[in-house]
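Submitted below is the structure of interest, expressed as structure tokens.
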Amino acid sequence: MDNPWTRCNNCQKILYKQDILDNRFVCPSCNFHFRIAARERLEMLFDEGKFELLDDNIFPVDALHFEDTQKYSLRLEENQNRTGLSEAVLNARGKLGGIEVIVSAMDFYFMGGSMGSVVGEKITRAIERATAEKLPLVIFSCSGGARMQEGALSLMQLMKTSAALARLGEAGIPYISVLADPTTGGTTASYAMLGDLNIAEPNALIGFAGPRVIEQTIKEKLPKGFQRSEFLLQHGLLDDVVERRTLRNYLVRALRLLLNKYQ
Ligand SMILES: [Zn+2]
């Protein structure tokens, strides 16, 4: 049997695993927000945990026949087997406080939540579906950025997703972006920062380039907490920082406000 105990890497306390699970993957002792998989995210989000998965039939391909320490095609296969996902994002439709919504949730456990062509395509399909069906959109980002193994094909997703979001905006349909730890690189540089509301979980690493690259470029020491949610909120890059335990209610309230629906 699996060890029922674990240590919180933040406060070092020994904790009963089930207590963390029951607390939405948040440390009951220090409030540290553990990373969660896309499916768990969706299950804790929707009314009664019920939702319909969409676009689950598109799979990534190794178009460039890329190989680093391993063939990209094998890396994909390994990640698919380990996570049970076809790619690093899940699209879903369901209800949130009775309001029908389209949701995309990224999964960091699939190749670091990197944004390949299929991730970009699924995000775009979610946006286009929200536009066509006039349903509000919520995207949970959790991503190391563009997927190196897909080169420029990966970078093209920034433009594609951003253009689709512009059309959603023109149609007057609300989009809420939720940034989880970490949201970096091309994901931050596209859809993650384009919400009508951009909100983040506590202490999430959010940025474009990493702190080391920035320090080397500007030759200055960065302030403490730089690129963390609270710092970014203070400096106007985010609209709010919301704890996971209140996130669902926060989203319901925000959607009602944006849709002019008070009941
Ligand atoms: Zn802790």
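Do we have any residue at all in segment 86-106 that's surrounded by fewer than 17 Cβ atoms within 10 Å (Cβ to Cβ), in contact (Cβ under 8 Å) with a residue 12 or more places away in the chain and polar (S, T, N, Q)?
So far as segment 86-106 goes, no, none of its residues is surrounded by fewer than 17 Cβ atoms within 10 Å (Cβ to Cβ), in contact (Cβ under 8 Å) with a residue 12 or more places away in the chain and polar (S, T, N, Q).
Something else: Can you find a residue in segment 41-53 that is hydrophobic (A, V, I, L, M, F, W, C), open to solvent by less than 10 Å² (accessible area, probe 1.4 Å) and under 12 Å from the mean Cα position of the chain (by Cα)?
Among the residues of segment 41-53, at least one is hydrophobic (A, V, I, L, M, F, W, C), open to solvent by less than 10 Å² (accessible area, probe 1.4 Å) and under 12 Å from the mean Cα position of the chain (by Cα), which makes the answer yes.
Any residue at all in segment 53-63 that is within 16 Å of the ligand (Cβ to nearest atom), in a strand (DSSP E or B) and within 30 Å of ARG253 (Cβ to Cβ)?
So far as segment 53-63 goes, no, none of its residues is within 16 Å of the ligand (Cβ to nearest atom), in a strand (DSSP E or B) and within 30 Å of ARG253 (Cβ to Cβ).
Would you confirm, using the coordinates I've provided, whether GLN234 is farther than 14 Å from PHE140 by Cα and open to solvent by 70 Å² or more (accessible area, probe 1.4 Å)?
yes
Counting residues that are open to solvent by 10 Å² or more (accessible area, probe 1.4 Å), without any contact (Cβ under 8 Å) to a residue 40 or more places away in the chain and not acidic (Asp, Glu), which helices (runs of 4 or more DSSP H) fully inside segment 143-225 reach at least 1?
It comes to 151-170, 211-218.
Still on this model: The conditions are (1) in contact with a helix residue (DSSP H, G or I) (Cβ under 8 Å, 6 or more places away or on another chain); (2) in a loop (DSSP other than H, G, I, E, B); (3) open to solvent by 30 Å² or more (accessible area, probe 1.4 Å), and THR69 fails exactly one of them. Which is it?
Among (1) in contact with a helix residue (DSSP H, G or I) (Cβ under 8 Å, 6 or more places away or on another chain); (2) in a loop (DSSP other than H, G, I, E, B); (3) open to solvent by 30 Å² or more (accessible area, probe 1.4 Å), THR69 violates only (1).
For segment 117-131, which positions are open to solvent by less than 30 Å² (accessible area, probe 1.4 Å) and among the charged types (D, E, K, R)?
If the condition is that a residue be open to solvent by less than 30 Å² (accessible area, probe 1.4 Å) and among the charged types (D, E, K, R), then LYS122 is the only one that fits.
Could you please tell me which pairs satisfy a Cβ distance under 6 Å, a separation of 6+ or placement on different chains, a first residue in segment 22-41 that is at positive phi, and a second residue that is away from the ligand (no atom under 15 Å from the Cβ) and open to solvent by less than 70 Å² (accessible area, probe 1.4 Å)?
Listed by first residue and then by second, the contacts come to ARG24/MET44; PHE25/ILE36.
Something else now. Condition first: in a strand (DSSP E or B), within 15 Å of the ligand (Cβ to nearest atom), of a type in the set (S, T, N, Q) and open to solvent by 40 Å² or more (accessible area, probe 1.4 Å). Can you find one or more residues in segment 13-36 that meet it?
Checked against the condition, which is being in a strand (DSSP E or B), within 15 Å of the ligand (Cβ to nearest atom), of a type in the set (S, T, N, Q) and open to solvent by 40 Å² or more (accessible area, probe 1.4 Å), segment 13-36 yields no hits at all.
Only residues that are open to solvent by 80 Å² or more (accessible area, probe 1.4 Å) and near the ligand (Cβ under 10 Å from one of its atoms): list them for segment 2-12, please.
ARG7, ASN9, ASN10, GLN12 - these are the residues of segment 2-12 that are open to solvent by 80 Å² or more (accessible area, probe 1.4 Å) and near the ligand (Cβ under 10 Å from one of its atoms).
Something else now. Any residue in segment 81-103 that is within 16 Å of the ligand (Cβ to nearest atom) and either farther than 30 Å from TYR262 by Cα or in contact with a strand residue (DSSP E or B) (Cβ under 6 Å, 6 or more places away or on another chain) (or both)?
There is no residue in segment 81-103 that is within 16 Å of the ligand (Cβ to nearest atom) and either farther than 30 Å from TYR262 by Cα or in contact with a strand residue (DSSP E or B) (Cβ under 6 Å, 6 or more places away or on another chain) (or both).
The values are calculated or read from the model by the stated rules, or taken from the named source; none is laboratory data. These numbers come from a predicted model, not from an experiment. When we count neighbours, we look across all protein chains shown, and the Cβ atoms used for this are built from the backbone with ideal geometry, even at glycine. Note: accessible area is taken over every heavy atom of the protein model, side chains too, but ligands, DNA and RNA are not part of it. Shrake-Rupley method; radii C 1.70, N 1.55, O 1.52, S 1.80 Å.
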